[in-house]
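Written below as structure tokens is the structure these notes are about.
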Amino acid sequence: MILYELSNIIQRYHQKVVLDFKSLQIREGEIIGISGKNGSGKSTLLRLLAFLESPSEGEVLYRGQKIGGREEIAILLPEVYLLSRSVRANLEYMFKIRKKPISMSKIKEVMNLVGLESEKFLQREHYELSSGERQRVGLAQRLLLEPKVLLLDEPTNSLDSAGTRAFSNAIEWVHRHFNTCVITISHDKKWLDSNSNRRLKLHFGSLITQNDANLFSHNWSETHNGEKFYEFGNGEVLLLPNSRHLDRREGIVITQDHLLLEPKDTQSFEAQIIGIRLEPKEGKELMLEIKIGDEVLKKLVSLERANEYKIFQKIKIGFDVEGILGVN
């Protein structure tokens, strides 16, 4: 079942565009990891999913509603704000929010899950906690809410190795018990890989899937006037006119839409198909691995076009230069 549908999303702060992507669907029970550099729009996306803010343009739907399901969504931000009370009082407050009777057995269960001994920590005051302990108490609070969606913003920043393992166990527990959809943003790519079954990446506000992204990080050079060009290693060169504003050090994304298999009004390049596989998500698309020089690019095509492509087939490809400049 689809939980979220995001379409034609643009988010601006003081005229600066921080998010700009066409669509995103998130299903019930998914565990999604989102990476990206500082300023790529990760926290902004999480705030949209939590309905803490609305997009400048576009639509965010939760179970088909524009504003709905807030009581099913829990978000844990890097700075955890606790009530000026004991740990026990902070946890008991979660039951009051839901208007449910307080259960000490559940409190002790989530405390153990996040790696805090209940006998030791329940009576501690909020000011007696380290930043890592505050983070764990914050997670315990959200587990008590039994959310259908758990949003985690850089959850491991202030944690040691034991705390990081505890967060991993807690994610697995809440997913198993409540089929919670967990969406985590983090710079820790290794931890994300271990705690996600779907990976996304934000690049200057553009949303790309980790498996089918074409992120060119090497071999960029500049002409005398600062325009960027990419050398594929076989004499083929992709020039990006009017690209002086791009920071090639961050890499440049070429999305699926910007890789053209039937170039007409653009420069064409000699390439070869070196891999074809069925995409496992829906089983309705093929992933082509296309070699041009020393670079291998990925391109999704519909299953209906399967007979058009063969391993080691020589093809011509092109690039939508205007589109590339638009997302970078």
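The values are calculated or read from the model by the stated rules, or taken from the named source; none is laboratory data. The shown structure was predicted, so the numbers you read here are calculated from the model rather than taken from an experiment. Every residue, glycine as well, gets a Cβ built from its backbone with ideal geometry; the counts of neighbours run over all protein chains shown. Accessible surface areas use protein heavy atoms only, side chains included; no ligands, DNA or RNA. Shrake-Rupley method; radii C 1.70, N 1.55, O 1.52, S 1.80 Å.
Within the stretch 60-76, the set of residues being touching a residue at least 40 places away in the same chain (Cβ under 8 Å) and open to solvent by 60 Å² or more (accessible area, probe 1.4 Å) comprises R63 only.
Pairing residues of the stretch 1-26 that are farther than 16 Å from Q65 by Cα and modelled with pLDDT of 90 or more with residues that are among the small types (G, A, S) and open to solvent by 50 Å² or more (accessible area, probe 1.4 Å), at Cβ distances under 7 Å and at least 6 apart in sequence or on separate chains, gives I10/S56; Q11/S56; R12/S56.
Residues checked against (1) open to solvent by 80 Å² or more (accessible area, probe 1.4 Å); (2) outside any loop (DSSP other than H, G, I, E, B); (3) in contact with a Leu (Cβ under 6 Å, 6 or more places away or on another chain); (4) among the acidic types (D, E):
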residue: A89; (1), (2), (3), (4): no, yes, no, no
residue: E92; (1), (2), (3), (4): no, yes, no, yes
residue: K96; (1), (2), (3), (4): yes, yes, no, no
residue: K99; (1), (2), (3), (4): yes, no, no, no
residue: K108; (1), (2), (3), (4): yes, yes, no, no
residue: N112; (1), (2), (3), (4): yes, yes, no, no
residue: K120; (1), (2), (3), (4): yes, yes, no, no
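Checked against (1) assigned to a strand (DSSP E or B); (2) out of contact with any helix residue (DSSP H, G or I) (no Cβ under 9 Å at 6 or more places or on another chain); (3) more than 30 Å from V114 (Cα to Cα), I67 meets all criteria but (1). Count, please, the residues in the stretch 39-55 that happen to be within 13 Å of L6 (Cβ to Cβ), under 13 Å from the mean Cα position of the chain (by Cα) and part of a loop (DSSP other than H, G, I, E, B). Number of matching residues: 1. Restricted to the stretch 296-327, and to residues that are closer than 17 Å to S243 by Cβ and either open to solvent by 60 Å² or more (accessible area, probe 1.4 Å) or not in a strand (DSSP E or B) (or both), which residue is modelled with the lowest pLDDT? The extreme case among them is V327.
Checking every residue in the stretch 246-253 against the condition of being under 27 Å from N197 (Cβ atoms) and either at pLDDT 75 or above or touching a helix residue (DSSP H, G or I) at 6+ places or on another chain (Cβ under 8 Å) (or both) gives at least one match. Whenever a residue of the stretch 214-231 is among the polar types (S, T, N, Q), its partners that are surrounded by 13 or more Cβ atoms within 10 Å (Cβ to Cβ) and at pLDDT 85 or above, lying with C-beta atoms within less than 7 angstrom and at least six residues away or across chains, give the pairs N214/L259; N214/L297; N214/K298; N219/Y230; N219/E231; S221/F229; S221/E231; T223/F229.
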